[in-house]
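Enquirer: This structure is in structure tokens; I'll ask about it shortly.
The values are calculated or read from the model by the stated rules, or taken from the named source; none is laboratory data. Treat the numbers as computed from the prediction; the structure is a model and nothing was measured. Here the Cβ positions follow ideal geometry from the backbone for every residue, glycine too, while neighbour counts run over all protein chains shown. The area values use the complete protein model at the heavy-atom level, side chains included, leaving out ligands, DNA and RNA. Shrake-Rupley method; radii C 1.70, N 1.55, O 1.52, S 1.80 Å.
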Amino acid sequence: EAILLCGAVGMGKSRFLEALAVTLKDSQCVRIPCCERQVIFSLAKQMQNVKARPEHEIFQRWLTGKVKDPPSAIGPEEMARGVTAVLRDQVATLAAQKPTVVLCDDVDLGDHLIRLVIRQLSAEAVTLGILMLMTSRPLATTPPGMTRVDLEPLSAETALELIKHLGATPEAVKPFLSVAAGIPQALVQIAKASLEGLLPKDAVAAGADFLR
């Protein structure tokens, strides 16, 4: 299955994937941090011990740095198809050996090539027998083949509970709740500022700038 978690920056999407990866002791975990530069090579490095089909070896050799440049006879579109095919087959090989979970963080920030790979894997998630969990900032539309879960900001009541759990005084923080807009990361910063005596005197005048 392919599941897409959508939410604003600071909702804890990346932290959720990190915590989940630690608990997956009985499964293979493939990490795809899409916001990193050259993430496709990072993914290929995770797969370097998974043998590719003979017709895909040239693409694997390029991805793992064994050859510096792709053959001049292979155009960019064919290169993209070949890279997608080899990584798809390698994930399939892993999944045939052991339960496999693919964690893709910040898919909306990925480059064209890694998006092609993710699209292929998500389209075949059921066939391959893998679980894909992806995160993204809010999207206007849901990519085909994905189950979308929207993460809503915390209510004022839940935000206050979080503030209390963090050890801050709710009364001192209340004027700043509208600034946090229910975003957990912002609430954590506000609680930390309160505990350190760094909260501005005027919440309205300060706006969200003091969180930066």
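To keep it simple, each residue is scored yes or no on (1) open to solvent by 30 Å² or more (accessible area, probe 1.4 Å); (2) out of contact with any Leu (no Cβ under 6 Å at 6 or more places or on another chain); (3) not basic (Lys, Arg).
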residue: THR142; (1), (2), (3): yes, yes, yes
residue: LEU162; (1), (2), (3): yes, no, yes
residue: HIS165; (1), (2), (3): yes, yes, yes
residue: PRO170; (1), (2), (3): no, no, yes
residue: PRO175; (1), (2), (3): yes, yes, yes
residue: ALA181; (1), (2), (3): yes, yes, yes
residue: GLN189; (1), (2), (3): yes, no, yes
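Enquirer: Right, something else. Within the bounds of region 64-84, is there any residue that is buried (at least 17 other Cβ atoms within 10 Å of the Cβ), within 18 Å of the chain's Cα centre (by Cα) and in contact (Cβ under 8 Å) with a residue 40 or more places away in the chain?
Expert: no
Enquirer: So GLU152 ticks every box in (1) open to solvent by less than 70 Å² (accessible area, probe 1.4 Å); (2) under 22 Å from GLY7 (Cα atoms) but one. Which box is left unticked?
Expert: (1)
Enquirer: How many of the residues in region 119-146 are more than 16 Å from GLN90 (Cβ to Cβ) and without any contact (Cβ under 8 Å) to a residue 12 or more places away in the chain?
Expert: So the count comes out to 2.
Enquirer: Among what's in region 6-45 and is polar (S, T, N, Q) and exposed (fewer than 13 other Cβ atoms within 10 Å of the Cβ), pick the residue that is farthest from ILE130 (Cα to Cα). Show your work before the answer.
Expert: First, the residues of region 6-45 that are polar (S, T, N, Q): 14, 23, 27-28, 38, 42.
Still in the list and also exposed (fewer than 13 other Cβ atoms within 10 Å of the Cβ): 23, 38.
On the way: THR23: 17, GLN38: 24 Å.
The residue in question is GLN38.
Enquirer: If we scan region 71-92, do we find a residue that is farther than 27 Å from LYS45 by Cα and of a type in the set (Val, Ile, Thr)? Give the steps one after another, and end with the answer.
Expert: Filtering region 71-92 for residues farther than 27 Å from LYS45 by Cα gives none.
No, the conditions are met nowhere in region 71-92.
Enquirer: Can I ask one more? Can you confirm whether VAL39 is closer than 30 Å to GLY10 by Cα and touching a residue at least 24 places away in the same chain (Cβ under 8 Å)?
Expert: On the way: closer than 30 Å to GLY10 by Cα: yes; touching a residue at least 24 places away in the same chain (Cβ under 8 Å): yes.
Against the criterion (closer than 30 Å to GLY10 by Cα and touching a residue at least 24 places away in the same chain (Cβ under 8 Å)), VAL39 qualifies.
Enquirer: Here's a follow-up. Within region 49-63, can you find the residues that are out of contact with any helix residue (DSSP H, G or I) (no Cβ under 6 Å at 6 or more places or on another chain) and open to solvent by less than 100 Å² (accessible area, probe 1.4 Å)?
Expert: Within region 49-63, GLU57, ILE58, TRP62 meet the criteria.
Enquirer: With respect to GLN97, is the statement that it is on the phi < 0 side of the Ramachandran plot, touching a Leu at 6+ places or on another chain (Cβ under 9 Å) and open to solvent by 40 Å² or more (accessible area, probe 1.4 Å) true? Write out each step before concluding.
Expert: Numbers: on the phi < 0 side of the Ramachandran plot: yes; touching a Leu at 6+ places or on another chain (Cβ under 9 Å): no; open to solvent by 40 Å² or more (accessible area, probe 1.4 Å): yes.
No; evaluated as a whole, the condition is false for this residue.
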